[in-house]
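What follows is a short report on a single structure.
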Amino acid sequence: GTDITFFNDSICLYASNKPGGFGGYDLYVSFLNNGSWSQGTNLGPVINSFYDDRFPFLTRNGLTLFYSSNNLHSIGGFDVFKSSFDPTLFKWSVPENLGMPINSAGNDTYLIVAADGTNAYLTSDRKEGLGGEDIYRVFFKQPIMAHQSISDVPTFQQLLQSQDTAATIGDAQEAPPIVKEYYVSHLFLEENAEILSPQNVKKLDLLVN
């Protein structure tokens, strides 16, 4: 486990590449109960990908998650993504790349939103830095409203609890056959170019996994 961040004094999120994930590093959440931390619960396939999903930060209302990933939608290495939890549909939105100038061709990680929600800090190894990873400050055009209100318990915890209940019920019954469907986006080939370009290899690695 790595990249630990605390939502409050009894809930933490972190990244891990332990077996059983969706590939690379995945994001997990753990709860403190009676003096002991629970086993990490994976945040699921909407948030986690075949690639590395790391550096989580959850807004104070428990509804918006920022994290960094080097998945197929990144501009360079690690980019900062955002996903919001819908408490009525009980699901996360498709992660959105925050784009430039927050993200760059380098690795952009460890985004933390300031208390007032108008700005944030992140680390980046973009080429205009002073060497290695530098700390940058980001200003938003609109305040992040998800950071204005405070929740004792993240809303998505209800989803995790319902999944645990469903898993318990499912274990008591005969498990149905698992059917999985895979989709790979188009492989692009330029004239007289090698088909196994880095981008195409990324897509094929996803299918192999």
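The values are calculated or read from the model by the stated rules, or taken from the named source; none is laboratory data. Note that the coordinates shown come from a computational prediction; the quantities given were computed from them, not determined experimentally. Counting neighbours? That spans all protein chains shown, and the Cβs are built from the backbone with ideal geometry, glycine included. The accessibility values were calculated without ligands, DNA or RNA, using every heavy atom of the protein model including side chains. Shrake-Rupley method; radii C 1.70, N 1.55, O 1.52, S 1.80 Å.
Numbers below:
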| quantity | calculated |
| --- | --- |
| Solvent-accessible area per residue, Å², over the chain with all protein chains present [probe radius 1.4 Å] | 61 |
| All lysines inside 30 Å of residue 203 as judged from Cα atoms, apart from same-chain residues fewer than 8 positions distant | 18, 82, 91, 127, 180 |
| Length added when fully stretched, residue 193-residue 88, from 0.36 nm per residue minus Cα-Cα | 33.0 nm |
| Stokes-Einstein diffusion coefficient of segment 1-68, Kirkwood radius over Cα pairs, 20 °C, 1.002 mPa s, in µm²/s | 178 |
| Relative contact order, percent, the chain [alpha-carbon distance under 8 Å, six or more residues apart] | 14 |
| Measure of compaction for the chain (Cα Rg per 2.2 N^0.38 Å) | 1.12 |
| Accessible area of the chain belonging to carbon and sulfur atoms, whole % at 1.4 Å probe | 56 |
| Exposure ranking of 54, 60 by accessible area [1.4 Å probe, largest first] | 60, 54 |
| Potential extension, residue 150-residue 105 segment - 0.36 nm per residue separation minus Cα distance | 12.8 nm |
| Positive dipole terminus of the chain, leading residue within 68, 139, 129 (C-beta point charges) | 139 |
| Lys, Arg +1 and Asp, Glu -1 on Cβ, resulting dipole of the chain about Cα centre, debye, nearest 20 | 300 |
| Helix-derived mean residue ellipticity, 222 nm - over the chain, DSSP H n ≥ 4, -39500 (n - 2.57), to 500 | -4000 deg cm²/dmol |
| Trypsin sites (Lys or Arg not before Pro) restricted to segment 68-128 and DSSP loop, no more than 14 other C-beta within 10 Å | 127 |
| All Cα pairs of segment 58-107, percent lying beyond 18 Å | 34 |
